[in-house]
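For reference, the structure is listed below as structure tokens.
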Amino acid sequence: MEIPDYDKALYYTLWGQWDELLVLMVRTNDDMLSKKIQLFLHAYHYSPEQAKIIDSHDALLYYIDHAMKYTPPVAMEV
């Protein structure tokens, strides 16, 4: 069973697993998700302004939430 990229992105973002988030950024087929992750990680590592970090974090979470609404749920096979 393959876990969708949005579920992975949400998990990695909420639990602060930045290395895994970086790998997901490179491997995902969703260009917008990749760009949102890139903007957040760049702000997190290089921005001296906490407001910019929070804004990019919120934008990433908002995009993940939006994308998950339009992604069919994964059913587990028994």
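Looking at region 13-29 only, could you name the residues that are buried (at least 16 other Cβ atoms within 10 Å of the Cβ) and farther than 15 Å from SER56 by Cα? LEU24, THR28, listed by residue number. Selection of region 27-78 for residues being in contact (Cβ under 8 Å) with a residue 24 or more places away in the chain, among the hydroxyl-bearing types (Ser, Thr, Tyr) and within 20 Å of TRP15 (Cα to Cα) yields TYR44, TYR63.
Within region 30-47, the set of residues being among the charged types (D, E, K, R) and surrounded by 15 or more Cβ atoms within 10 Å (Cβ to Cβ) comprises ASP30, LYS36.
Values quoted throughout were computed directly from the atomic coordinates according to the rules given, and no laboratory measurement underlies them. The shown structure was predicted, so the numbers you read here are calculated from the model rather than taken from an experiment. We place every Cβ from the backbone using ideal geometry, glycine too, and count neighbours over all the protein chains shown.
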